[in-house]
Amino acid sequence: MGGHQGVQWKKGNYSKSSYPPLTPGIITGPGITIETLTPTLQWAASEGGGADYYSIYVSKYPYGFSNLVIDQSPVYGTSWSVPIGKLVNGEEYCWNMQAHKAGKDSEYSEIRLYFQTKVNEPPNTPSTPYGETDGAPGTLYAYTTSATDPDGDEVKFTFDWGGDGGETSETGFVPSGSKKLYLTAGPVSAPIS
């Protein structure tokens, strides 16, 4: 992602008589892959008296104001959490900001920080369940199977008793890895698929 750092952001024009606040210093690390779609962005307060508030800009690749996904202002303090629904898994983003004080605006931050959201990988195909192959309807049986999620997310198992999607039993979400599951059987003498 470092190859995209030549992005040009619009800069303000100021006369010598207008003294905008100094540009805030962003402290979140560049080029990282994050595992959340609601990160908290952090920055150092503007030097020389701080700022009344800040504006935050987040754009997706190709970066720039034409691809803004967040244009948030006013933001008070030195951190802000991205709300749900703004970022998408697997996308590359760039953020920068601007300080505002007494009606004057700083230039856009010189440092633009790049990050990418992690793609959520699906779990692997479960191993063939081991347990009873014939059973009485409504009887509870134990089965052992395994499915591992590369992201460490919980998994859910669905057992198809007839192989046609008609009679199924489903577990709740359980940690990934080998599991002993207890399920109520479907029709009599129906093999598990």
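For the stretch 59-121, the alpha-carbon coordinates run over 47, 22, 18 Å along the three principal axes, in decreasing order. When peptides 68-77, 51-60 are sorted by average Cβ neighbour count within 10 Å, with the highest value leading, the order is 51-60, 68-77. Each peptide among 169-177, 100-108 gets the average number of other Cβ atoms lying within 10 Å of its residues, and from highest to lowest they stand as 100-108, 169-177. In the stretch 93-134, a dipole from Cβ-located charges (positive for Lys and Arg, negative for Asp and Glu) runs towards its positive end, and of A102, T128, Q116 it is A102 whose Cα lies farthest in that direction. Computed from backbone phi, the HN-Hα couplings of the stretch 63-70 come to 5, x, 5, 6, 10, 5, 10, 9 Hz, rounded to whole numbers (Karplus: 6.51 cos²θ - 1.76 cosθ + 1.60, θ = phi - 60°; Gly and Pro given as x).
Residues whose amide H comes within less than 5 Å of that of L181, counting only those at least five positions distant or on another chain, are Y143, T144, T145 (H built at 1.01 Å from N in the peptide plane).
No value in this document is a laboratory result; all are computed from the given coordinates. This structure is a prediction, so every number in the text was calculated from the model and none was measured. Note that each Cβ is placed from the backbone with ideal geometry, even for glycine, and that neighbours are counted across all protein chains shown.
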